[in-house]
Amino acid sequence: MISILQEVRDHQLAEWPMARENYERLGLTERREFKLGSLNGAFQCNPARIVSTGAKIDKASISTRPCFLCAANRPKEQLSEEILPGWEFLINPFPIFPLHFTIAAIDHRPQDAIPLDMASMAEKLPGMTVFYNGARAGASAPDHLHCQAVMTSELPLMNYLENGGNPNDWPYKVEYSVITPDAEGLLNLKRMTEVKGLDRLSGKEDAALVNAYFWIGKDGLLRVAVVPRSAHRPSCYPELMVSPGAIDMAGLIVMPRKDDFERISTADLERIFSETAILR
């Protein structure tokens, strides 16, 4: 499957110069490793991601811009293919990894709940993790339901769990379940899609404050992890431009500005997680 996806990517990049340039620039990104408890992660300096990290997500800004995930507004070069009924498979033009795709609902509807269809997406994409950013947890298009897919091996949290790591030892709360093909497994799957975050200011549960990950494990079983959140962005934003989404909460902190990348410390990261995740 990975080789097929590489062919899909290469075919698309041959037709789309802007996306091709952004993928070529991945070779220039810088990484710096860090360790925070059981999290062995990295900071990544990726200037092209300013589009997402710096996105205006307030209602006024969303209402006045055309939705870039709707077919009518997408660049003519961006090809699509139906991966499931009602879902389109697209290359992500602002990649974090060499294989990075967006899976967008055909209909324009809000990013309001973890889609159960992510289970079927993961089954169709072995070797990939399908992830979801809640509307207040990293989504740069909270007005249009969508997921993304990247290689499972790229994500520290997935590698940690795959190798027997205890989710209770992760620096912040992670709900994790291996979904078995029986009635109990289906109940667990439904339960995982209903996990909510807890807004740190209001103290209220909020379904928009979650990041979710679906992938097929080495044993062939579906795995689901959900990170409930307490806020979208930390108080240091935008002075320190970190806007955690699912990739960040899985252990790769994406930073579009070089000076932020060079000065961020694990102490800064601890504060960011303390303000945006739910600590143990």
- prompt: About its Cα centre, what dipole magnitude does the chain give when the only charges are +1 on Lys and Arg Cβ and -1 on Asp and Glu Cβ, stated in debye to the nearest 20?
  reply: 620
task: Give a residue-ordered list of calculated ³J(HN,Hα) values for the stretch 230-245 (Karplus: 6.51 cos²θ - 1.76 cosθ + 1.60, θ = phi - 60°; whole Hz; x for Gly, Pro).
output: 10, 6, 7, 10, x, 5, 6, 6, x, 4, 10, 7, 10, 10, x, x
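For the chain, what % of the accessible area comes from carbon and sulfur atoms, probe 1.4 Å?
In the chain, the share of accessible area belonging to carbon and sulfur is 53 percent.
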message: By the 4.7 Å beta carbon criterion, which cysteine residues of the chain come out unpaired?
response: Cys45, Cys147, Cys236
statement: Violations at 30 Å Cα threshold for listed pairs Lys124/Lys196; Lys204/Lys258; Lys124/Lys204; Lys124/Lys258 -> Lys204/Lys258; Lys124/Lys204; Lys124/Lys258
message: At a 10 angstrom cut-off on C-beta neighbours, averaged per residue, how do the peptides 96-102, 31-37 rank from highest to lowest?
response: 96-102, 31-37
statement: Excluding residues fewer than 8 positions from Lys59 in its own chain, the aspartates and glutamates with Cα under 19 Å of it are Asp112, Asp143, Asp199, Asp206
Euclidean distance of C-alpha centroids, the stretch 253-280 and the stretch 169-225, integer Å: 23
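Over the Cα atoms of the stretch 144-280, compute the convex hull volume and normalise it per residue, giving Å³. Numbers along the way, then the final one.
Details: hull volume 18.1 nm³, N = 137.
Here the figure is 132 Å³ per residue.
The values are calculated or read from the model by the stated rules, or taken from the named source; none is laboratory data. Note that this is a predicted model, so its numbers are computed, not measured. Here the Cβ is made from the backbone with ideal geometry for all residues, glycine too, and neighbour counts use every protein chain on show. SASA here: full protein model, heavy atoms, side chains in, ligands and nucleic acids out. Shrake-Rupley method; radii C 1.70, N 1.55, O 1.52, S 1.80 Å.
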